[in-house]
Amino acid sequence: MARVRREGRQRGFTLVELLVTLAVAAVLLTLAVPGFGNLVRDNRLATSANAFATAVALARSEAIKRAAVVSLCKSADGQACTAGGGWEQGWLVFVDADGDGQRQPAEELLAVQGALQGSVTLRGDSALRDALSFGPTGATRGMQAGLLVLCDDRGFGSQARGLVLSPSGRLSILEAPAAGATSCTP
């Protein structure tokens with residue numbers, strides 16, 4: 001006995017199945033979007049902290065390599081140091097021939113960092129408010145040490161980062177409260 005095959009029947013989704021699937025997808029997407037926004041902000045903070053740590057490591061290593069003073073200062077224009085605002089506006093790494101922590105036009109520029117992205121703030125305490133310098137041994141000049149606090153539009157909390165500079169010139173990145181910070185402006 002031979003089997004009869006029906007070829008005319010089509011398979012697919014009904015309109016109701018499609019609408020239910022779209023509704024479930026919309027609910028899942030609505031739940032995931034706020035978490036994704038926090039992930040983006042967390043990554044922005046990590047990127048900013050790492051950019052500053054890289055600049056500090058560059059300044060320290062160049063000071064040792066050149067047996068000279070190398071400084072890092074905040075800069076809004078990428079050419080000269082500025083006393084106003086915070087580190088989030090950008091910074092310079094330069095060979096500080098006269099050791100004053102301010103870049104002169106004749107002093108060699110080693111690196112430039114533009115403004116940090118988003119609503120990130122990076123503020124230093126009184127010792128690190130405007131500049132920091134490393135001597136030929138890699139230690140900070142004048143035993144300069146202090147704390148910088150990195151925050152975003154979420155304010156101070158567990159996501160904020162504390163960047164602690166030791167007199168030996170080492171930079172540590174910690175959660176801001178663990179670093180001793182109590183607000184976004186140390």
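Just so you know, all these numbers are worked out from the coordinates, no wet-lab data involved. Computed from a predicted model, the values in this text were never measured in an experiment. So basically every Cβ, Gly included, is an ideal-geometry build from the backbone, and we count neighbours across all protein chains shown.
Count Lys and Arg as plus one, Asp and Glu as minus one, and take only other residues whose Cβ is under 12 Å from that of Asp96; the net charge is then -2. Stretched out straight at 0.36 nm per residue, the stretch from Asp153 to Leu58 would grow longer than its current Cα-Cα span by 31.3 nm. Shape analysis of segment 61-108 places it in the prolate category; the axes a ≥ b ≥ c from the Cα gyration tensor give an a/c of at least 1.5, with a/b above b/c. Highest mobility in the GNM of the chain, judged by mean-square fluctuation with C-alpha springs under 10 Å and restricted to Leu29, Leu116, Leu163, is found for Leu29. Relative contact order of segment 22-91: 17 percent, from C-alpha pairs under 8 Å at least 6 residues apart in sequence. Given +1 at the Cβ of Lys and Arg, -1 at the Cβ of Asp and Glu and no other charges, the dipole of segment 15-175 around its Cα centre is 300 debye to the nearest 20. Amide H to amide H, with H built 1.01 Å from N, Leu110 comes under 5 Å of Val93, Phe94, Val95, counting only residues 5 or more places away or on other chains. Sorting the segments 44-52, 96-104, 132-140 by their residues' average number of neighbouring beta-carbon atoms within 10 angstrom, most packed first, yields 132-140, 44-52, 96-104. Take every Cα pair under 8 Å whose residues are at least 6 apart in sequence, average their separation, divide by the length of segment 15-175, and the relative contact order is 20 percent.
Rounded to the nearest 10 degrees, the angle from helix 15-66 to the longest Cα principal axis of the chain is 20 degrees. Could you tell me the center-to-center distance, by alpha carbons, between segment 138-186 and segment 38-70 in angstrom? The distance from the Cα centre of segment 138-186 to that of segment 38-70 comes to 13 Å.
Net length available on complete extension from Ser126 to Arg11 is 34.2 nm, with 0.36 nm assigned per residue and the Cα-Cα distance removed.
Residue-wise, which Karplus ³J(HN,Hα) couplings in Hz belong to segment 170-179, taking 6.51 cos²θ - 1.76 cosθ + 1.60, θ = phi - 60°, and x for glycine or proline? Listing the rounded values in order: 8, 10, 10, 10, 10, 4, 3, x, 5, 7 Hz.
Taking amide hydrogens as placed 1.01 Å from N in the peptide plane, the amide H of Ala131 sits under 5 Å from that of no residue at least 5 positions away in sequence or on another chain. Potential lengthening of the chain between Leu18 and Ala80 amounts to 16.3 nm, from the contour at 0.36 nm per residue minus the alpha-carbon distance.
A Förster radius of 22 Å combined with the Cβ-Cβ distance from Glu175 to Ser119 puts the calculated FRET efficiency at roughly 0.70. Using θ = phi - 60° in the Karplus curve 6.51 cos²θ - 1.76 cosθ + 1.60, the 3J(HN,Hα) couplings for segment 116-125 round to 6, 7, x, 9, 8, 10, 9, 10, x, 6 Hz; x is entered for Gly and Pro.
Under a crude label model (7 Å from the Cα following the beta-carbon direction), how far is Asp100 from Thr47 in nanometres? Those two pseudo-labels are separated by 3.6 nm. Normalised Debye scattering of the chain at q = 0.12, 0.18 Å⁻¹ gives log10 I(q)/I(0) of -0.61, -1.11, counting only Cα atoms as equal scatterers and leaving out solvent. Across Val20, Val95, Val164, mean-square fluctuation computed from a Gaussian network of the chain (C-alpha pairs under 10 Å connected) peaks at Val20.
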